[in-house]
Amino acid sequence: MKLKRLFAAVLAAALFLPLAAACSAGSQKKGLGNGWEPQSSMELAYAKNFSVDYYDGGYKLLSLSDGTRCLTVPEGKEAPDGIDADIMVLKQPVNDIYLCATSAMCLFDALDALDSISLSGSKSDDWYIDGARKAMESGKMTYAGKYSEPDYELILSSGCRLAVESTMIDHSPEVKEKLEELGIPVITEQSSGEEHPLGRTEWIKFYGALLDKEDEAEKLFSEQAAFLDKAASFEDTGKTVAFFYINSSGYAIARRSGDYVTKMIELAGGEYIFKNLGDPEKSTSTVPLEMEEFYSTAKDADYIIYNSAIDGNVATLDELIAKNNLLGDFKAVKEGNVWCTSQNMFQQSMQIGRMILDIHGMLTGEDASSIEFLYKLE
């Protein structure tokens, strides 16, 4: 099994690098439409949902898998003539951003670029990223309403130059239309659609290109990729893991088989307890299950990771069992192998490699004292 995992990691690296530029933007339009040819393209190891092409004179074309194209124009220069009408023009430096894509905040933070964001789609208390919370508390970053209910007056008066949304904006298309009507470009970032866990982390290269910080982005991504290189040497533990939380209606909300969280479990040497849960053709990452249905499979899991990042902090096994008495019969509960995610787990796309090592530490007991994004219930 160890050799199989190592072979898969090596094969992935070999295949992704030469094909990244060709696959990342799918079948969308290529080029600027004015006859200019790119001088080079960004190499991507795992991300498939964006690409970056570099043109003479410092121009960059950032393309997303939903068809959006952005041309960054160097400071002091103008957009070239004859480019396609659907290309969004962003003059550098790109700042005064309204950020609603919460998973991206940690990427800006890692790039030391929080000063590029002036408006937040989350309130101060909802951030588990110290830099973002401090920026809001100091007034450097202002709450401008959540993605579905933005404060248009504030956004306009603040001089906002770009709105960065998550795919949740697809549920409120009228908001995107209104922002664009007001002259504010909108990017719907696609990191949540990346198949490989480190594909999400590699979006730091997208923001690195946007903010002229490619070198910093490459260094930061390489640090997380090194964790994955280490994970390739892990022996499969044979331990099964259930990852879920209980919602207010009493349903167990489990991860869809094959999503990035379950792949993290596999890369850490574990095995997700559900083999074929959910529809792989749908974008949803979770599947609601009635408790009896969930119990029939998950009760035999060797380990439980309870998603307290969604449900709120759970401090003890008794608190967990109080959510549903059936949980008391679970093998992992009886054997004391129940862990919870920390509150900041899903705001830390920049730490996915580290999270994989944490899950491995949970499964093996090795370096358990250094685990950062999980905590054990007693």
**Study point:** Whether the range 234-376 is rounded, prolate or oblate, judged on the alpha carbon gyration tensor where a/c under 1.5 counts as rounded
**Key:** rounded
**Study point:** Listed residues Ile352, Ile305, Ile321, most fluctuating in the chain (Gaussian network, C-alpha, under 10 Å)
**Key:** Ile321
**Study point:** Thr142 long-range amide H proximity, modeled H, under 5 Å
**Key:** Leu119, Ser120
Revision key, fill the gap. Per the Cα gyration tensor, the chain corresponds to an equivalent ellipsoid with semi-axes, largest first in Å, of 38, 24, 18
Point to revise | Under 17 Å from the Cα of Lys77 - aspartates and glutamates, other chains or at least 8 residues apart | key: Asp56, Asp212
**Study point:** Signed unit charges on C-beta, dipole axis of the chain, positive-most listed residue Ala332, Leu62, Gly250
**Key:** Ala332
Practice item. Give me the net charge of Thr240's neighbourhood, meaning all other residues with Cβ under 14 Å from the Cβ of Thr240; Lys, Arg count +1, Asp, Glu -1. Key: -1
Practice item. Would you be so kind as to identify which of Leu119, Ile359, Ser349 lies farthest towards the positive end of the dipole of the chain, taking Lys and Arg as +1 and Asp and Glu as -1 on Cβ and the Cα centre as origin? Key: Ile359
**Study point:** 20 Å reach of a label modelled at Tyr143, 7 Å along Cα-to-Cβ, counting backbone N of the range 91-105
**Key:** 97-105
Practice item. State the extension gain, in nm to one decimal, for the chain segment bounded by Leu326 and Glu216, taking 0.36 nm per residue of separation less the distance between their alpha-carbons. Key: 34.8 nm
**Study point:** Length gained when the stretch Glu293-Glu174 is fully extended (0.36 nm per residue, less Cα-Cα span)
**Key:** 39.0 nm
Point to revise | Using θ = phi - 60° and Karplus 6.51 cos²θ - 1.76 cosθ + 1.60, couplings along the range 221-236 (whole Hz; Gly, Pro as x) | key: 5, 4, 5, 6, 4, 5, 4, 5, 4, 5, 5, 5, 8, 5, 6, 5
Review point. Can you flag which of Lys205/Lys376; Lys146/Lys376; Lys178/Lys263; Lys230/Lys275; Lys178/Lys213; Lys30/Lys213 are past 28 Å Cα-Cα?
Key: Lys205/Lys376; Lys146/Lys376; Lys178/Lys263; Lys178/Lys213
Review point. What nm distance separates the two modelled labels at Ser285 and Lys334, each placed 7 Å from Cα along Cα→Cβ?
Key: 3.3
Point to revise | Segments 221-233, 198-210 sorted - mean Cβ within 10 Å per residue, highest first | key: 198-210, 221-233
Point to revise | Contour excess over end-to-end distance, with Cα ends at Ala85 and Asn313 and 0.36 nm allotted per residue | key: 77.2 nm
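Read-outs: derived from the displayed coordinates by stated rules, not from any lab. Since the structure is predicted, the reported quantities are computational estimates derived from the model, not experimental observations. Using ideal geometry, Cβ is built from the backbone for each residue, glycine included, and neighbour counts are taken over all protein chains shown.
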